[in-house]
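Engineer: First the structure, then my questions, so here it is.
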Amino acid sequence: MNIVHAEVTQLEIDQRVYDLYDEYCHGRIDRREFLTRSAALCAAGLAMAQALLPRYARAQTISFTDERIKAQYVTYPSPGGNGATMRGYLVQPLGSGPFPAVLVVHENRGLNPYIEDVARRAAVAGFLALAPDGLAPAGGYPGNDDDGRALQAKLDQAKLRTDMLNGARFVKTHKLSTGKLGATGFCWGGGTVNWLATAMGADLHAAAPFYGAAAETASVAKIKAKLLIHYAENDPRINEMWPAYESALKAARVPHEAHVYPGTQHGFHNNSTPRYKEEAAKLAWDRTIALFKQTLA
């Protein structure tokens, strides 16, 4: 995979600015406060903060016109969700199939270009990939993360999860699917993947959440999927959930594997910002694809 690097990845970014960016990404402060507080930290704080904002056009790794895949937007019913129907980005490998299916769950800002690119990466690896847009009932991803984050926060969160569940069911039963299903997701999507594992039981065969909130301890025994859990080293809010989650997984004898990637920040797989860590992102993705090939073949 050829990753396009932006010059900003070479900046020395203060950990305190990374921490503020995490607050901003999770909606606890707005962009203005993020920039203002970063600027107050040190002389280069504003430049560091601006460098962390995503640059999606420069992060594409697989073109939507790549001859190895066919990509299209689809709609499907979503009973119990935020709208009667949902919209998603469906990408299939070249050929007539059927293919094992993978659900790709976005962060807390809707179906942005990075997540679409991840769906294309999964398709290139041989999977029928669906990336739902949870913002579809609110008009869809608005073209920028700030507005996307605000829109997603206003949605009914339980219904939003149901929309993702309906996406999983849609791609699992698609005519091009073998019926074998895996799921991966990032940040909010990682937590949603952990939840999907409890909600779907044996209908989900493999799950690879990236730095997502742990599933509820009381529901862990419902998990039948094989879990591959990715954590960033510098991500205390998420990582503090792991000990209890690990204990519950062991008690329920859920097959699982967890990795903490040294020197990484929350969001290290997202190659549109300087939080991206190439070596860790590649290793985590290679492990994810290996899991899906092992369990969904």
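The values are calculated or read from the model by the stated rules, or taken from the named source; none is laboratory data. Note that this is a predicted model, so its numbers are computed, not measured. Note that we place each Cβ from the backbone using ideal geometry, even for glycine, and neighbour counts take in every protein chain shown. These area figures cover heavy atoms from the full protein model, side chains too; ligands, DNA and RNA do not enter into them. Shrake-Rupley method; radii C 1.70, N 1.55, O 1.52, S 1.80 Å.
Engineer: Taking 8 Å as the Cα distance limit and 6 or more residues as the minimum spacing, I'd like the relative contact order of segment 61-164 as a percentage.
Structural biologist: Here the relative contact order equals 31 percent.
Engineer: Given the rule -39500 (n - 2.57) for each run of at least 4 DSSP H residues, summed and divided by the residues of the chain, what is its mean residue ellipticity at 222 nm, to the nearest 500 deg cm²/dmol?
Structural biologist: -11500 deg cm²/dmol
Engineer: Please calculate how many Å² of accessible area the chain carries per residue, with a 1.4 Å probe and no DNA, RNA or ligand atoms counted.
Structural biologist: Ligands and nucleic acids excluded, the figure is 43 Å² per residue.
Engineer: Expressed in nm to one decimal, what extension gain is obtained for the pair Asp30 and Glu279 from 0.36 nm per residue of sequence separation less their Cα-Cα distance?
Structural biologist: So the extension gain works out to 86.6 nm.
Engineer: At each listed q (0.12, 0.18 Å⁻¹), what is the log10 of I(q)/I(0) that the Debye formula gives for segment 138-297 modelled as equal alpha-carbon point scatterers?
Structural biologist: -0.54, -1.21
Engineer: Please list, by residue number, every one of the trypsin sites (Lys or Arg not before Pro) in segment 146-201 that is coil in DSSP and has at most 15 other beta-carbon atoms within 10 Å.
Structural biologist: Lys175
Engineer: Same structure, new question: How do Phe292, Phe99 rank by accessible surface area computed with a 1.4 Å probe, from largest to smallest?
Structural biologist: Solvent-accessible surface, decreasing: Phe99, Phe292.
Engineer: Please calculate the 1.4 Å probe accessible area of Ser177, with all protein chains present, and give it to the nearest 10 Å².
Structural biologist: Its accessible surface works out to 20 Å², give or take rounding.
Engineer: Taking all protein chains in place and a 1.4 Å probe, what share, in percent, of the accessible surface of the chain do carbon and sulfur account for? Intermediate values should be presented prior to the final figure.
Structural biologist: Details: 6540 of 12660 Å².
That fraction is 52 percent.
Engineer: Beyond a 28 Å Cα-Cα separation, which of these cross-linked pairs lie in this structure: Lys154/Lys226; Lys154/Lys277; Lys159/Lys277; Lys224/Lys293?
Structural biologist: Violating the 28 Å Cα-Cα cut-off are Lys154/Lys226; Lys154/Lys277; Lys159/Lys277.
Engineer: Students sometimes get this wrong: rank Asp19, Asp14 by accessible area, probe 1.4 Å, all chains present, largest first.
Structural biologist: Asp19, Asp14
Engineer: Long-range amide H contacts for Thr85: which residues qualify at under 5 Å (H placed 1.01 Å from N, peptide plane, sequence gap of 5 or more or a different chain)?
Structural biologist: For Thr85, whose amide H was placed from the backbone, the distant partners under 5 Å are Ser78.
Engineer: What are the aspartates and glutamates whose alpha-carbon lies under 18 Å from the alpha-carbon of Lys180, with same-chain residues fewer than 8 places away excluded?
Structural biologist: The reachable aspartates and glutamates, counting only those whose Cα sits under 18 Å from Lys180, are Asp203.
Engineer: Counting DSSP beta bridges in the chain, what percent are antiparallel, to the nearest 5? Show your work: numbers first, answer last.
Structural biologist: Values: 14 of 38 bridges.
The answer is about 35 percent antiparallel.
Engineer: By the scheme Lys and Arg +1, Asp and Glu -1, what is the net charge of all other residues having a beta-carbon under 15 Å from that of Ser247?
Structural biologist: For residues surrounding Ser247, the net value is -1.
Engineer: What do you get for trypsin sites (Lys or Arg not before Pro) in segment 208-254 restricted to DSSP loop and a cutoff of at most 13 other Cβ within 10 Å of the site's Cβ? Let's see the in-between values first.
Structural biologist: Numbers: sites: Lys222, Lys224, Lys226, Arg237, Lys250, Arg253; in loops: Lys224, Arg253.
The qualifying sites are Arg253.
Engineer: If I take R0 = 25 Å and measure r between the Cβ atoms of Lys175 and Thr65 in this structure, what FRET efficiency does the formula 1/(1 + (r/R0)^6) give, to the nearest 0.05?
Structural biologist: So the FRET efficiency works out to roughly 0.60.
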